[in-house]
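The structure under discussion appears below in the form of structure tokens.
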Amino acid sequence: MFLIITILLMAGLAATNYRVFRTVLYPPALLAMTWTILLTLLLATGEAYYPISPPTMIVYLAGVASFSVGAFFCTHLFAQALAGPAPRVCRRPRGLILTGGLILLVAVLPLYWDHIQDLASSSASQDFWGAVRVESIAQGDDWSAKTIVTIVWEACSVLAVLLAVTAVAENKDSRFSRIRSILIIAIALLYALMAGASAGAVSLALGLIGIDAIRHGGLRTKTMVVGLTVALVCFAAIATVQSKGNVDSHASLSENVSGTVELVGVYLLGGVVAFDAVVQYPASITPVWSIWRVFQLTANKFGASFDVPSVHAQYTDISDDYNGNVYTIYFSYYPDYGLAGVCAIMLVLGAVVTVIYQKAIQGNPRSVLLYAFVFSGIVLSGFSEYFFLGANFWFKAVLYTMLAYRFVPNPAESNVVTGNAVLPPLRYVQRVMG
């Protein structure tokens, strides 16, 4: 009964936030809708997963409510500052840069594959992709062990993702532009999958849905179908080669389809259920997703000696058949700071990502790119934390947007972005800005 009440309250938050901008792209509306869907799916599965307790549901409600409050105050208290005209762009990544980037990624791909093979050979495991995954996690846990070569390869993978979102943002709808965008996206997905995990590829596919929605003033059915299909295929590919759950490379197609569908449910709802153990029995799960993790690892790289545990959290049972080690976005906040900390952090986070959203719908090309990662981070909030834990990536993404786009001051009377700026439909901007 309490779960039903929680779903109704979450749906109320979604509807209230939707009324602010009349779009689900508004971050609080997207977050509330995401969690309404997750909790509804959990209710629909009946006894397939262990139940979650009322205190856990309160954390979920408080997090979304605080996120919404932060966005509301940001939107209304700083409305004048955020309502300025879109910047005029004097430099942007045009076709030559995107084509050059595609050629670079293709040329480096064989070398990146050699790097992946070296990762696998450094592990004692005979399972190639399992070894790649284990070694990738080990390097992510100890930045001081990374060589210059390793950092270069990681930079190539990040560049692939950033070029993919840029290709979609700068797509001029010509035949050549569309083909180039598809090729860049395919290469970026390949780079992500070669790390032995599907999270990066799934996050990219979702981000591209978000950036397309910003460009066209709303979610488009065709883009959603294509994006979700790509995400599902990437997920299934990794699940198959790593024999996750009931998926196995030696099983029949029908068995793998059934196993993949079951595994999708586990990954969608596993974190939502597992986080209940964090709330109910906090001593049983070591909190390893600290919001300071990236900063501590960076400091260690320069000689500090912070004790940073592996980001690979311990497993907890989520049903009679499955266990999991993902604990939602709140696992980064609740263990160290409690419910009050969750509310404070989500309030600030809501304000920050709403600024990115508002700048994006006004046509700021830097914010358009960054919104892709806001969108995917919110949609995947039931799985992991993509803001503080992803601070290293966010730093690179912000730096990339600053290098890719250069602005010139706007004349006071100007309200137009010159050149080939990425702008949502004017009627959409007028509608959401009131």
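Can you say whether residue 8 is out of contact with any strand residue (DSSP E or B) (no Cβ under 7 Å at 6 or more places or on another chain), surrounded by 14 or more Cβ atoms within 10 Å (Cβ to Cβ) and closer than 28 Å to residue 282 by Cα, as far as the supplied structure shows? Against the criterion (out of contact with any strand residue (DSSP E or B) (no Cβ under 7 Å at 6 or more places or on another chain), surrounded by 14 or more Cβ atoms within 10 Å (Cβ to Cβ) and closer than 28 Å to residue 282 by Cα), residue 8 does not qualify. Of all residues in region 242-267, those satisfying the criterion of being closer than 26 Å to residue 186 by Cβ and crowded, with 17+ Cβ neighbours inside 10 Å are 242, 244, 247, 256, 259, 260, 263, 267.
Every listed requirement among (1) surrounded by fewer than 16 Cβ atoms within 10 Å (Cβ to Cβ); (2) at pLDDT 80 or above; (3) at positive phi is met by residue 173 save one, (2). In the set (1) at pLDDT below 90; (2) of a type in the set (A, V, I, L, M, F, W, C); (3) surrounded by 14 or more Cβ atoms within 10 Å (Cβ to Cβ), the condition left unmet by residue 302 is number (3). Taking (1) surrounded by fewer than 21 Cβ atoms within 10 Å (Cβ to Cβ); (2) under 25 Å from residue 220 (Cβ atoms) in turn, residue 97 satisfies each apart from (2).
When restricted to residues that are among the hydroxyl-bearing types (Ser, Thr, Tyr) and under 14 Å from residue 271 (Cα atoms), region 40-52 contains 2. Being loosely packed, with under 15 Cβ neighbours inside 10 Å and either touching a residue at least 12 places away in the same chain (Cβ under 8 Å) or farther than 19 Å from residue 182 by Cβ (or both) is the filter here, so list the residues in region 105-115 that pass it. Scanning region 105-115 gives 106, 110, 111, 113, 114. For residue 168, the criteria (1) out of contact with any Cys (no Cβ under 8 Å at 6 or more places or on another chain); (2) closer than 17 Å to residue 200 by Cα; (3) modelled with pLDDT of 85 or more hold in every case but one, which is (2). Here is the figure for region 45-54: residues that are at pLDDT below 95 and not in a loop (DSSP other than H, G, I, E, B) total 0.
Right, residue 25: crowded, with 17+ Cβ neighbours inside 10 Å, not β-branched (Val, Ile, Thr) and not in a helix (DSSP H, G or I) or not? Yes; evaluated as a whole, the condition is true for this residue.
Scanning region 184-207 for residues that are over 30 Å from residue 251 (Cβ atoms), surrounded by fewer than 23 Cβ atoms within 10 Å (Cβ to Cβ) and modelled with pLDDT of 90 or more turns up nothing.
Checking 347, 369 one by one, the residue that is among the hydrophobic types (A, V, I, L, M, F, W, C), surrounded by fewer than 23 Cβ atoms within 10 Å (Cβ to Cβ) and over 8 Å from the mean Cα position of the chain (by Cα) is 347 and no other.
The values are calculated or read from the model by the stated rules, or taken from the named source; none is laboratory data. The shown structure was predicted, so the numbers you read here are calculated from the model rather than taken from an experiment. Heads up, the Cβs are rebuilt from the backbone with ideal geometry, glycines too, and the neighbour counts pull from every protein chain shown.
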